[in-house]
Structures are given as structure tokens and as C-alpha cells.
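Just below is one structure, and these are the notes that go with it.
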Amino acid sequence: MTIAAGIDVGTGAVKAALFKVEGDNAEWLSRSVMRIRQRDPMQLARIAFDQVLADAKLGESDVDYVATTGEAEGVPFHTGHFYSMTTHARGAIYLEPTARSVLDVGALHGRAISIDDRGKVLSYKMTSQCASGSGQFLENIARYLGIGQDEIGTLSKKADNPEVVSSICAVLAETDVINMVSRGISAPNILKGIHLSMAGRLSKLLKSIGATGGVVMVTGGLALDDGLVAALAQDIAAMKNMSCSVRSHPDSIYAGAIGAALWGAYRHDKLTAKGDLPRAA
């Protein structure tokens, strides 16, 4: 039996997951997510780690491996670090075993990943960091419109005549939105237009890596934005030679932390067999 923790530090939030792994069986013991909001991510990583330990009624010495991913390589108590593309792939397979591609949509970029049935990365492609297809861009627009993040998806689905944002650069796209407001375009139509614009870029990413069929799992900070998920399904359905089924999961935001914990447990077992694994912390 291996107890492994995964800590994923993103631009907008810190996520932690704790697993007990025995062979092919992985039991999710506890989880924690904390919005960064201008706080120190390394301190939040410590708090999130302590929280998952407390929830599982375990001590730090009970943990065999602390795996980090994303921007968490600087976490002082980690055992090993994994690239976020591999952890999101593994986390997606855990949440949706039929997934064969992943759309990781975070605060700064979107990423399309093609995977096999074990969660191994086959190919990938990312949006530009400047692109208006990121969570930070959508958050900025929602703040400008005076809308809470938890309202974005609901309002988007009420649109009756969406105004699509054409600019790729986030700065220019924000100017487009300001012009829309001055023209009296409603918030639902603005948000749905942004969702459709984001969906168009993400769908093209999927097609560019050959992910034209099967289940697409959405992970990252925007995975719970049902307006974006609906726009993705709509855009893919309208594309030629694309037959993907777009899915999200209530725990999609934890995909990176899940994958880190599971890869950490795997690495722990391999290194233990060689007799050269240091204990976490």
C-alpha cells in the first residue's frame, strides 16, 4: 500500500489530492482547493497539504510520496515533480476512463492532449499565452460586467444572439467587449460569444493533434464552466470530420493533482523496488 499526495499549483488556484494505492486500486482519500487571490502559492500548498492530511486523519509521516505539478516545483516538502501535461492526462483517465483526449483550460492557456487508454500522452498542442482563450481573460470580462464567476455559465446559456469575439489577442478582445457593452449587447450574448470564440480555438487544437473522435475530457479551472462546455460541444458538432463527445466532471479541477498523486505512487513503487526512494518531507 502506498499513500501519495498530489499538489498542483496553477495561476489561479492550488489543488491537493491524497490517495491510497494498492496495485491497480486507487482510493481517493481527500482533496482541497484554494484560490490564490494574490497570496503566496507555496504557503497555500502547505495549507492545502495539511488540510488533506487532516481530512484523511493521517500525519505527514504516513505519506510515502508527495508529487507536485504545474508551478509547484518549489514546494519545499515535495518528493518529486511531474510535468502538468502528463498529470492532467492521468487525472483525466481516472475521472473518465473512456477519455482519449483532454482539453486542459487554465488561467493562462488552453492545451489539447491526445492520450491512450492508460493516460499516456501521445501528442499535444497549446494556445498562445496571449490568446483570448484563457480563464484569466474570461475572469477579467466577468469582473468588467459585474458578474460572479459562478454565474458565467448560467448566463451564457441564456444567450439568444451571441456576439462572437474575433480578436486572438486578449487585450484587443477586451476592447471588443467594451465596445459591445457600449452598443447595448446583453451580458448573456457577450459571454456566449466569448465561449464560442474560445471553443473555436480549442476545437481547432483538438483537430490539429488528430483528436477527431471519442471522448474529450475537459480539465483545469474552466472545466466547471458549463457554458464553455456547451459551446465546445456546439462548435465540434458543426466541424467537418469531428465526432468528439465533450465531457466534464465535478472534480475536473483536481485532474492535475490526481494525476500527480497517481504518478507519484507509481514512481514510489518502482523506486522502492530498487531500494533508493527517499521518504516525503
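Bear in mind these aren't lab numbers, they're just calculated from the coordinates by the rules spelled out. Just so it is clear, the structure is predicted and the values come from calculations on it, not from any experiment. Positions of Cβ are generated from backbone atoms using ideal geometry, with glycine treated the same way; all protein chains shown enter the neighbour counts.
Taking the chain, how much of its Cα-Cα pair set, in percent, is spaced more than 33 angstrom apart? Walk me through the intermediate numbers first.
On the way: 9422 of 39340 pairs.
Within the chain, distances greater than 33 Å cover 24 percent of Cα pairs.
Placing +1 at every Lys and Arg Cβ and -1 at every Asp and Glu Cβ, with all other atoms neutral, what dipole size does the range 98-248 have around its Cα centre, in debye to the nearest 20? Walk me through the numbers before you get to the answer.
Numbers: 15 positive and 13 negative charges, 103 e Å.
For the range 98-248, the charge dipole is close to 500 debye.
With 26 Å as the limit, write out which pairs from 15/120; 20/125; 120/207; 125/270; 15/240 have Cα-Cα distances beyond it, or answer none.
Working: 15/120 22 Å; 20/125 32 Å; 120/207 19 Å; 125/270 30 Å; 15/240 37 Å.
Table pairs above 26 Å Cα-Cα are 20/125; 125/270; 15/240.
Find, among the trypsin sites (Lys or Arg not before Pro) in the range 66-126, those assigned to loop by DSSP (not H, G, I, E, B) with at most 14 other beta-carbon atoms within 10 angstrom.
Values: sites: 90, 100, 111, 118, 120, 125; in loops: 118, 120.
The qualifying sites are 118, 120.
Using a Gaussian network for the chain with springs between C-alpha atoms less than 10 Å apart, which of these wobbles most: 157, 270, 240?
The residue that fluctuates most here is 240.
Using the number of other C-beta atoms within 10 angstrom as an exposure proxy, rank 154, 98 with the fewest first.
So the ranking, lowest neighbour count to highest, is 98, 154.
Just to confirm my numbers, what's the Cα centroid distance between the range 196-221 and the range 54-106 in Å?
22
Can you tell which of 182, 273, 260 lies farthest toward the positive end of the dipole of the range 161-281, using +1 and -1 charges on the Cβ of basic and acidic side chains (Lys, Arg; Asp, Glu)?
Farthest towards the positive end: 273.
When the chain is treated as a GNM, springs tying every alpha-carbon pair under 10 Å, which of 43, 136, 51 comes out with the largest mean-square fluctuation?
Maximum fluctuation in the GNM of the chain, among the listed residues, is at 43.
Determine, for 144, 124, 65, 254, the number of other Cβ atoms within 10 Å of each Cβ, and report the residues in order from fewest to most. Before the final figure, lay out each step's value.
On the way: 144 13, 124 21, 65 29, 254 26.
Arranged by neighbour count, lowest to highest, 144, 124, 65, 254 become 144, 124, 254, 65.
Mean-square fluctuation check for the chain, GNM, Cα pairs under 10 Å: which of 112, 54, 72 is largest?
For the chain, modelled as a Gaussian network with Cα springs under 10 Å, the answer is 54.
Dipole magnitude of the range 56-103 about its Cα centre, charges +1 at Lys/Arg Cβ and -1 at Asp/Glu Cβ only, in debye to the nearest 20? Please list the in-between numbers first.
Values: 3 positive and 6 negative charges, 48 e Å.
The calculation lands at about 240 debye.
Ignoring everything except DSSP H segments at least 4 long, calculate the 222 nm mean residue ellipticity for the chain; use -39,500 (n - 2.57) per segment, divide by total residues, nearest 500. Spell out each step's value before the answer.
Working: 8 runs with 111 residues, N = 281.
Rounded to the nearest 500, the figure is -12500 deg cm²/dmol.
Taking a cut-off of 18 Å between Cα atoms, list the aspartates and glutamates near residue 192, but don't count ones fewer than 8 places away on the same chain.
Output for residue 192: 139, 150, 151, 160, 163, 174, 176, 225, 226, 235.
Fewest to most neighbouring Cβ within 10 Å: what's the order for 68, 11?
Lowest to highest Cβ neighbour count: 11, 68.
Taking the Cα centre of the chain as origin, work out the dipole magnitude from +1 charges on Lys and Arg Cβ and -1 charges on Asp and Glu Cβ, in debye rounded to 20. Walk me through the intermediate numbers first.
Values: 28 positive and 29 negative charges, 118 e Å.
Computed about the Cα centre, the dipole is about 560 debye.
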